[in-house]
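Colleague: Dumping the structure here so I can ask a few things about it.
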Amino acid sequence: MDDLAALRQQYQDLLDRLQRNEREFRRLGRAVWRVQEDERRRLARELHDGVGQNLTAIKHRLAAITATLPEANADARAALEATIALCGDTLEDTRQLSRLLRPPVLDDLGLEAALRWLARSQGEASALDIAVDIGQLPPLDADLQTLLFRVAQEALNNIAKHAEASSVLLRLVVRGGLIQLQVADDGRGCDPDAALHSGGSGLGGMRERLRLYEGRLELHSATGEGTRLRAVVPLPD
Ligand SMILES: Nc1ncnc2c1ncn2[C@@H]1O[C@H](COP(=O)(O)OP(=O)(O)OP(=O)(O)O)[C@@H](O)[C@H]1O
Ligand SMILES: [Mg+2]
């Protein structure tokens with residue numbers, strides 16, 4: 001009987017150690033991910049305020065130089081105008097890249113505004129009709145907001161790249177202590193198992209990140225019937 005009690009105790013100790021290790025693993029994973037997001041935030045600012053502002057200054061200087069050239073100097077004027085246009089395009093690309101790295105709206109106005117912005121800009125860029133339905137949300141910590149934003153961003157990227165869809169519904173609701181993000185499209189669909197194990201870093205990365213927050217990723221789809229991605233994360237106590 002004593003042996004059995006000792007064995008039970010050993011088993012319990014092992015289980016406790018396993019749970020402690022698991023918690024530590026999650027804590028470390030979240031810390032790595034936080035550093036990555038901080039780095040993205042810094043890069044986004046640097047691109048916007050540093051490179052972006054310099055490009056704006058170059059554009060203005062070129063315009064000022066063009067204005068001093070005589071009308072007769074048509075070749076030089078045309079070359080300068082083409083360079084100004086190139087500067088403008090590069091400036092737009094830089095701003096776009098900066099917003100993709102870390103949209104300021106997420107830090108300034110929070111998840112709901114960021115998701116609405118994402119839907120609008122992705123919808124315009126990919127000619128998709130993206131409806132957004134967001135329920136009443138409790139205050140969410142910054143990590144959880146970033147996590148859900150990144151899931152939505154990857155889901156919409158996938159739709160633009162693979163789905164051949166025309167409309168999308170993005171829903172965020174809280175139910176029974178869980179926060180659920182759903183992104184459903186009416187595109188060509190896929191084999192969910194193959195998609196989750198395709199070697200692409202998108203869905204796999206999303207699933208790993210959700211696991212760090214004790215959440216899960218589900219993919220429901222059949223060929224020709226669209227795809228529904230669902231991320232579920234427990235709300236912290
Ligand atoms: N909404 C969707 N409609 C149709 N197929 C999809 C959809 N989302 C994902 N897939 C399929 O699942 C595969 C895996 O997606 P995943 O995001 O992991 O990788 P990827 O988009 O190909 O590459 P990455 O995200 O690393 O740039 C895709 O290659 C695509 O075939
Ligand atoms: Mg992808």
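Colleague: Given a Förster distance of 30 Å, report the FRET efficiency between Ile58 and Asp107 from their Cβ-Cβ distance, rounded to the nearest 0.05. Before the final figure, lay out the partial values.
Modeller: Values: r = 28 Å, r/R0 = 0.94.
That gives a FRET efficiency of 0.60.
Colleague: Then there is this: Give the long-range amide H neighbours of Leu178: residues separated by 5 or more places, or on another chain, with amide H under 5 Å away, using H modelled in the peptide plane at 1.01 Å from N.
Modeller: Under 5 Å from the amide H of Leu178 lie the amide H atoms of Leu235, each far enough along the sequence or on another chain.
Colleague: Further question: Name the shape class, rounded, prolate or oblate, that the alpha-carbon gyration tensor gives for segment 110-234, where a ≥ b ≥ c are the square roots of its eigenvalues, rounded holds for a/c under 1.5, and otherwise prolate holds if a/b is larger than b/c and oblate otherwise.
Modeller: Working: a/c = 1.73, a/b = 1.21, b/c = 1.43.
Since a/c reaches 1.5 but b/c is at least a/b, the shape of segment 110-234 is classed as oblate.
Colleague: Then there's this: How much mean residue ellipticity at 222 nm does the chain get from its helices, if each DSSP H run of length 4 or more adds -39500 (n - 2.57) and you divide by all residues, to the nearest 500 deg cm²/dmol?
Modeller: Numbers: 8 runs with 145 residues, N = 237.
Taken over the chain, the calculation gives -20500 deg cm²/dmol.
Colleague: What net charge do the residues around Gly110 carry, taking every other residue with its C-beta under 12 Å from that of Gly110, with Lys and Arg at +1 and Asp and Glu at -1? Kindly include the intermediate steps, with their values, before the conclusion.
Modeller: Numbers: positive: Arg116; negative: Asp107, Asp108, Glu112, Asp141.
Here the charged neighbours net out to -3.
Colleague: Let me ask something else. Extending each Cα 7 Å along its Cβ direction at Leu196 and Leu7, get the distance between those two points in nm, one decimal.
Modeller: Between Leu196 and Leu7, the label points sit 3.6 nm apart.
Colleague: Relative contact order of segment 2-101, please, whole-number percent, based on alpha carbon pairs below 8 angstrom and at least 6 residues apart. Spell out each step's value before the answer.
Modeller: Values: 39 pairs, mean separation 37.2, N = 100.
Taking the mean separation of contacting Cα pairs over the length of segment 2-101, I get 37 percent.
Colleague: With the cut-off at 1.5 for a/c, could you classify the chain from its C-alpha gyration tensor as rounded, prolate or oblate? Write out the running numbers ahead of the final one.
Modeller: Working: a/c = 2.96, a/b = 2.02, b/c = 1.46.
It is prolate, given that a/c is not under 1.5 and a/b is the larger ratio.
Colleague: Per-residue counts of other Cβ atoms within 10 Å, averaged by peptide: what ranking do you get for 185-194, 75-84, 47-56, highest first? Can you show the working numbers first?
Modeller: On the way: 185-194: 17.1, 75-84: 13.2, 47-56: 15.2.
Going from most to least packed, we get 185-194, 47-56, 75-84.
Colleague: Please give the length that would be gained between Asp49 and Leu100 if that part of the chain were fully extended, namely 0.36 nm times their separation in residues minus their C-alpha to C-alpha distance (nm, one decimal).
Modeller: Numbers: separation 51, 0.36 × 51 = 18.36 nm, distance 1.50 nm.
Fully extending the segment from Asp49 to Leu100 adds 16.9 nm.
Colleague: Same structure, new question: Per residue, how much accessible surface does the chain expose to a 1.4 Å probe? Answer in Å², no decimals.
Modeller: 61
Colleague: Could I ask something else about it? Just report the Cα centroid separation between segment 94-122 and segment 195-237, whole Å.
Modeller: Rounded to whole Å, the Cα centres lie 21 Å apart.
Colleague: If the label point is 7 Å along Cα→Cβ of Thr223, which residues in segment 177-191 have backbone nitrogen under 17 Å from it?
Modeller: Answer for segment 177-191: 187-191.
Colleague: Determine the percent antiparallel among the DSSP beta bridges restricted to the chain, to the nearest 5.
Modeller: Numbers: 22 of 28 bridges.
Here the antiparallel bridges make up roughly 80 percent for the chain.
Colleague: Counting only Cα atoms, I'd like the Rg/Rh figure for segment 2-101, Kirkwood definition for Rh. Please list the in-between numbers first.
Modeller: Values: Rg = 29.7 Å, Rh = 18.5 Å.
Rg/Rh for segment 2-101 comes to 1.60.
Colleague: Quick check: net charge around Pro236, other residues with Cβ under 10 Å of its Cβ, Lys/Arg +1 and Asp/Glu -1? Could the numbers behind the result be given before it?
Modeller: On the way: positive: none; negative: Asp141, Asp143, Glu214, Asp237.
Neighbourhood net charge equals -4.
Colleague: Sort 94-107, 196-209 by packing, meaning the average of other beta carbons within 10 Å per residue, with the highest value first.
Modeller: Values: 94-107: 17.4, 196-209: 14.8.
Going from most to least packed, we get 94-107, 196-209.
Colleague: Which of rounded, prolate, oblate describes segment 1-50, given a ≥ b ≥ c as roots of the alpha-carbon gyration tensor eigenvalues and a/c under 1.5 marking rounded, otherwise prolate only if a/b is larger than b/c?
Modeller: Values: a/c = 13.18, a/b = 12.96, b/c = 1.02.
It comes out prolate by the Cα gyration axes.
Colleague: May I ask for the net charge around Ala152, where only other residues with Cβ less than 13 Å from the Cβ of Ala152 are counted and Lys, Arg are +1 while Asp, Glu are -1? Walk me through the numbers before you get to the answer.
Modeller: Numbers: positive: Arg116, Arg120, Arg150, Arg171, Arg209, Arg230; negative: Glu112, Asp133, Glu154, Asp185.
Net of charged neighbours comes to +2.
Colleague: Using a probe of 1.4 angstrom, how much of the accessible area of the chain is carbon and sulfur, in percent? Write down the numbers at each step before the final one.
Modeller: Working: 7580 of 14360 Å².
Carbon-and-sulfur percentage of accessible area, whole number: 53.
The values are calculated or read from the model by the stated rules, or taken from the named source; none is laboratory data. A quick note: this is a predicted structure, and the numbers were derived from the prediction, not measured. A quick note on method: Cβ atoms are made from the backbone with ideal geometry, for glycine too, and the neighbour counts reach across all protein chains shown. For accessibility, only protein heavy atoms count, side chains too; no ligands or nucleic acids. Shrake-Rupley method; radii C 1.70, N 1.55, O 1.52, S 1.80 Å.
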